[in-house]
Structures are given as structure tokens and as C-alpha cells.
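Below: one structure, written as C-alpha cells.
The values are calculated or read from the model by the stated rules, or taken from the named source; none is laboratory data. In this text the structure is predicted, and so the values were computed from the model without any measurement. Counting neighbours? That spans all protein chains shown, and the Cβs are built from the backbone with ideal geometry, glycine included. SASA here: full protein model, heavy atoms, side chains in, ligands and nucleic acids out. Shrake-Rupley method; radii C 1.70, N 1.55, O 1.52, S 1.80 Å.
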Amino acid sequence: MRKIKYKKGRKLQHTSLEYTGIHKDHESEMQLFVYDDADVIEYEKFTVFALNTCIDYTKNNWLNIHGLNNIDLIKTIGEHFKLDDFLLADILNTTKRTKLEEQRDVLFFNIKSLLPSEYSDGLKVEQLSFILKDGILISFQEKRSDFFTHIRERLRMHAGIVRTKKVDYLLYLLLDAVMENFYITIEDEEENIEELIDLTKKGADPVILEKIENHRDNFNFLKRSIIPLRDSLYYLKTIKDDDTNELIQKETFNFFIRLHQKSLELLEQIDSDMSSLESASNFYFSEQSRKMNEIMKTLTIISAIFIPLTFIVGVYGMNFEYMPELKERNGYFMVMGAMFLLVIALIIYFKKRRWF
């Protein structure tokens, strides 16, 4: 059976700066939003040399990097914002699980985004990483995608409260957008489960069992992605209780608590869907057993009909000299008629007993 593997991990040093993802053909680009309640400035496809002149720490800044192939660019960003090499290594190493890393002036978050694949029963996986510092949020995407299009529009149109909040609220919105992909994926998997259940009612094709195992792998992969996210969001709750982090505003913690509740709901839904998938698997094997029983019953009835016929043929196949029926002119037709009547009698008997 096919196993879901995003990228087979290689042994890398924890500070090795090497992109291990699959989107190696995407050119690295940067996009910057500088905003506050009064105004927003958007910089598209600018270079690292413009960081000092474009970033305004009196406002909120969102720096988004598309594509992780340019290692020199990632190093330059790390040097500019004084980021440790092991954080940059975690951004580039897409085999890492979801994690939250807290430092004195940095909050690091990475997460897996999962969406249904258009061409197979598998899942599309992309790792996203976030660096939260005072006055700036840096997001890293493996490729250009539309996960955050609606958030960019809210910044441009001053919709909602995003421009009245600090960048920690923006981090909440980005994480929430990624978690919405989990809901989309689960809904797609649920539709697939319904189709599989319908297919198992129509037949016991071995391809159905393979599809069931593929979707079970998908749910297991979803679960392995959400559980560390749940743990990371729970850790944020402890930060609130300990009152040790100044990067997240007091009023913003409640939004992250909502994300934690969402992660619990997602896991509960996955458990429920896996039970439905298990039911589909059981139904498949039950249908297979039923068909096998039907075949065995049919063969048994046929055997039961032919056993007495075989006995009669065996009797008259004996080489005794004195067998009265052999001298009868119509003996052959009498035996054949008796055998025919015997078959009819057995069929009527089996039918009355509802054996077929």
C-alpha cells in the first residue's frame, strides 16, 4: 500500500542550511506590508538591500518570503534580523514536525499546510514558518500560494480589526488561515469516505480496499500534523498564565486559545472519520465474506444435487451379470426419468427451505 511521505528525511546537522523540500523550481521572492490604522504601504518583489529603508518599526511590518531555494537570501535575512542558525535550519528543513520555539525576543512557529491533491488520493503538503519579533512578522512559504490572499485584501481595504492590532494578531490570522486548510482537507476526505461506502455496497473490488488504506494513511498524516500543533498552541496558553512573553499582547492570547480549541475539534473529527473509514473497511470484508458464502452455498447445492445422481450412475456402472433393469427395453429412459425427477424434487426441497 502507498504510504504518504512528504520528503524522506536525511541526516542533517541542526544548523545545516539546506532546503529539503520538493518545490525547488520556485524562485525566491519577498513581499512587504507596512501598515497601521491610518495607512498601508505594500512593497512587491523588493530586495534585501531595501530592508533598512522600507521597514518602519513605528508601524507594523509583515515580510513574506515565497520560495526557499535562495539560501543566500535566507542567510541575509537571518543576519539582518539576528536570527539563530538553527531557526533558519528549521525553516529550510521541511521534514521537521510542527513546533513552537520561544526565545527572549523571538517567537518561532512552523506548521504544515495540507490540501487534497487534484491528481491522486494523496495530500499536497507545504511547510510554513513564522518569525515574530517586536514590530515585525516574517513568514516563509515554500512557494507562492493563495493561503493568505484574503488577509492581504483585509490589510489593503482596512477590513476588520487587523490594522488596528499588532503583528501578533496577524500571526493569529495566518495560522487560522492555514488551519482552514485542514477543514477543507477533512471535508474532502469525508466525501471520499461516503463514495467508498457506496462502492462497498455495490461490490468487493480489491481496488476499493486499496483506496480505503490510502485514505486511512491520509487521516494518520493529518493527525500527525495536528497533534504537535495542538501541543504548541497549548504551550501558548501556559505562556499567558506565566506572563513571561511580551511579543503577544494580553488581549491576543484569547485568539490563540481559539486556535487550540480548533485543533481539538479537528482531532475529534478525524477520530470520527477514521471510525467511519473502519466501518467501510469492515463492510468491505463483510461483503467479501457474504459473496464467498453465496458461492460456497451454490456449490454445495450443486454438489448435493449431483451426489445422488452420481450414486445411481455408480450403481448401474457395476459389472454384475444379473441386473434386472438391464434387460428392460425402456430401462435407460426409466433411469434417466427417475434421475430427472430426483433433481426436480431436490430443487423444490431446497427452495422451500430457502437455501437459495
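Taken as a whole, the range 313-332 holds at least one residue that is in contact with an Asp or Glu (Cβ under 7 Å, 6 or more places away or on another chain) and either surrounded by 13 or more Cβ atoms within 10 Å (Cβ to Cβ) or of a type outside the set (D, E, K, R) (or both). For Ile270, the test of being touching a residue at least 24 places away in the same chain (Cβ under 8 Å) and in a loop (DSSP other than H, G, I, E, B) is failed. Would you call Met274 farther than 30 Å from Ile344 by Cα and touching a Phe, Trp or Tyr at 6+ places or on another chain (Cβ under 8 Å)? Criteria met by Met274. For the range 327-353, filtered to residues that are over 60 Å from the mean Cα position of the chain (by Cα) and of a type in the set (Phe, Trp, Tyr), the residue that is farthest from Phe311 (Cα to Cα) is Phe333. Across the range 135-171, what is the total count of residues that are touching a Lys or Arg at 6+ places or on another chain (Cβ under 9 Å) and of a type outside the set (A, V, I, L, M, F, W, C)? Within the range 135-171, residues that are touching a Lys or Arg at 6+ places or on another chain (Cβ under 9 Å) and of a type outside the set (A, V, I, L, M, F, W, C) number 4.
Among the residues making up the range 174-192, those that are surrounded by 18 or more Cβ atoms within 10 Å (Cβ to Cβ) and more than 13 Å from the chain's Cα centre (by Cα) are Leu174, Leu175, Val178. For the range 193-229, the set of residues classified as under 16 Å from Lys96 (Cα atoms) and surrounded by fewer than 19 Cβ atoms within 10 Å (Cβ to Cβ) consists of Lys223, Arg224, Ile227, Pro228, listed by residue number. Among the residues of the range 102-126, those that are open to solvent by less than 30 Å² (accessible area, probe 1.4 Å), of a type outside the set (Val, Ile, Thr) and closer than 18 Å to Asp85 by Cα comprise Leu107, Phe108, Phe109, Asn110.
Taking the criterion of being among the hydrophobic types (A, V, I, L, M, F, W, C) and either free of Cβ contacts under 8 Å to residues at least 24 places away in the same chain or open to solvent by less than 10 Å² (accessible area, probe 1.4 Å) (or both), the residues of the range 50-65 that qualify are Ala50, Leu51, Cys54, Trp62, Leu63, Ile65.
May I ask you to verify whether Thr252 is closer than 25 Å to Arg152 by Cβ, open to solvent by less than 60 Å² (accessible area, probe 1.4 Å) and in contact with a Pro (Cβ under 9 Å, 6 or more places away or on another chain)? Spelling it out, it is not the case that Thr252 is closer than 25 Å to Arg152 by Cβ, open to solvent by less than 60 Å² (accessible area, probe 1.4 Å) and in contact with a Pro (Cβ under 9 Å, 6 or more places away or on another chain). Selection of the range 29-56 for residues being polar (S, T, N, Q) and in contact with a strand residue (DSSP E or B) (Cβ under 9 Å, 6 or more places away or on another chain) yields Gln31, Thr47.
Looking across the range 275-310, just one residue is modelled with pLDDT of 85 or more and under 32 Å from the mean Cα position of the chain (by Cα), and that is Ser275. In the range 127-161, the residue that is farthest from Val34 (Cα to Cα) out of those that are free of Cβ contacts under 8 Å to residues at least 40 places away in the same chain and open to solvent by less than 10 Å² (accessible area, probe 1.4 Å) is Ser129.
Scanning the range 236-267 for residues that are of a type in the set (Val, Ile, Thr) and either part of a helix (DSSP H, G or I) or modelled with pLDDT under 80 (or both) yields Thr238, Ile239, Thr244, Thr252, Ile257.
Residue by residue through the range 285-336, note down the ones that are among the polar types (S, T, N, Q) and not in a loop (DSSP other than H, G, I, E, B). Ser286, Gln288, Ser289, Asn293, Thr298, Thr300, Ser303, Thr310 - these are the residues of the range 285-336 that are among the polar types (S, T, N, Q) and not in a loop (DSSP other than H, G, I, E, B).
Screening the range 105-137 for residues that are closer than 17 Å to Phe221 by Cα and of a type in the set (Ser, Thr, Tyr) and picking the one that is farthest from the chain's Cα centre (by Cα) gives Ser120. Of all residues in the range 100-121, those that are over 18 Å from Phe182 (Cα atoms) have Cβ atoms under 6 Å from Cβ atoms of residues that are modelled with pLDDT of 85 or more and among the basic types (Lys, Arg), 6 or more apart or on another chain, in Val106/Lys133. Screening Lys59 on (1) among the charged types (D, E, K, R); (2) over 19 Å from Gln249 (Cα atoms); (3) modelled with pLDDT of 90 or more; (4) touching a strand residue (DSSP E or B) at 6+ places or on another chain (Cβ under 8 Å) shows it passes everything except condition (2).
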